[in-house]
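Structure record follows, encoded as structure tokens.
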Amino acid sequence: MAPVSLLIASLNFTQAEILKAGLIQFAVDRSPILSLSEFFTKVLPEFFTKVLHEWLAKVLEWLTHPETLLIITVWWITFVVVLIIVSCIGLNPVGVAAGSAAAYFQSWMYGGFTPAGGIFATLTSMAMLGTLMPLQVIFSSTVATIAAVIVWKNGYRW
């Protein structure tokens, strides 16, 4: 007999009153679960409040540096611009957008016949299924990170 079936079969013969009394006794005896509950409600909040306060103070102090604000600004601007450019190529959830770069490429490269299983058909399928968007975000994040590292390495020397 499988272990799961054995467990289910044994529960059929457990009297409800015995199970209820056992659970109540378990709670009354200051079970480890209740001790952990006290630990999580009393000890950890004091510790985390102190640690969080120190960490937040360090983060706020770090954010006040002009170099940090410059790097964060460069990262976000680059991320948004690259994501917009990649999104405007023309591969979207409804297919290839009319008049887009993807439509011109498809017309120039394949004419009236786009082969199944090719890179263009695969990218179009990925865009229509929504699996292309995470790749666009990863690509945009990578380019933005490279731009932020370049700014960080060069600083204000431009």
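Gly112 meets each of the listed conditions (1) surrounded by 14 or more Cβ atoms within 10 Å (Cβ to Cβ); (2) part of a loop (DSSP other than H, G, I, E, B); (3) over 30 Å from the mean Cα position of the chain (by Cα) apart from (1).
Condition first: over 27 Å from the mean Cα position of the chain (by Cα) and either free of Cβ contacts under 8 Å to residues at least 40 places away in the same chain or surrounded by 13 or more Cβ atoms within 10 Å (Cβ to Cβ) (or both). Can you find one or more residues in region 132-152 that meet it? Checked region 132-152: no residue is over 27 Å from the mean Cα position of the chain (by Cα) and either free of Cβ contacts under 8 Å to residues at least 40 places away in the same chain or surrounded by 13 or more Cβ atoms within 10 Å (Cβ to Cβ) (or both). Checking Leu60, Leu69 one by one, the residue that is of a type outside the set (Phe, Trp, Tyr), more than 24 Å from Ser141 (Cβ to Cβ), part of a helix (DSSP H, G or I) and at pLDDT 70 or above is Leu60 and no other. Inclusion of Ser140 among residues that are under 30 Å from Glu67 (Cα atoms) and of a type in the set (Ser, Thr, Tyr) is warranted. In region 61-96, which residue that is polar (S, T, N, Q) and out of contact with any helix residue (DSSP H, G or I) (no Cβ under 8 Å at 6 or more places or on another chain) is surrounded by the fewest Cβ atoms within 10 Å (Cβ to Cβ)? Top of the filtered list is Thr64. Set side by side, the residues Ala97, Ala121, Ala103 differ, and just one is touching a residue at least 12 places away in the same chain (Cβ under 8 Å) and in the same structural domain as Ile71 (by TED's automatic domain parsing), which is Ala103. Scoring Gly99 on the criteria (1) at pLDDT 70 or above; (2) assigned to a helix (DSSP H, G or I); (3) surrounded by fewer than 10 Cβ atoms within 10 Å (Cβ to Cβ); (4) not acidic (Asp, Glu) leaves a single failure, condition (2).
The values are calculated or read from the model by the stated rules, or taken from the named source; none is laboratory data. No experiment lies behind these values; they were computed from the predicted model shown. Neighbour counts are summed over all protein chains in view; Cβ atoms, including those assigned to glycine, are modelled from backbone coordinates with ideal geometry.
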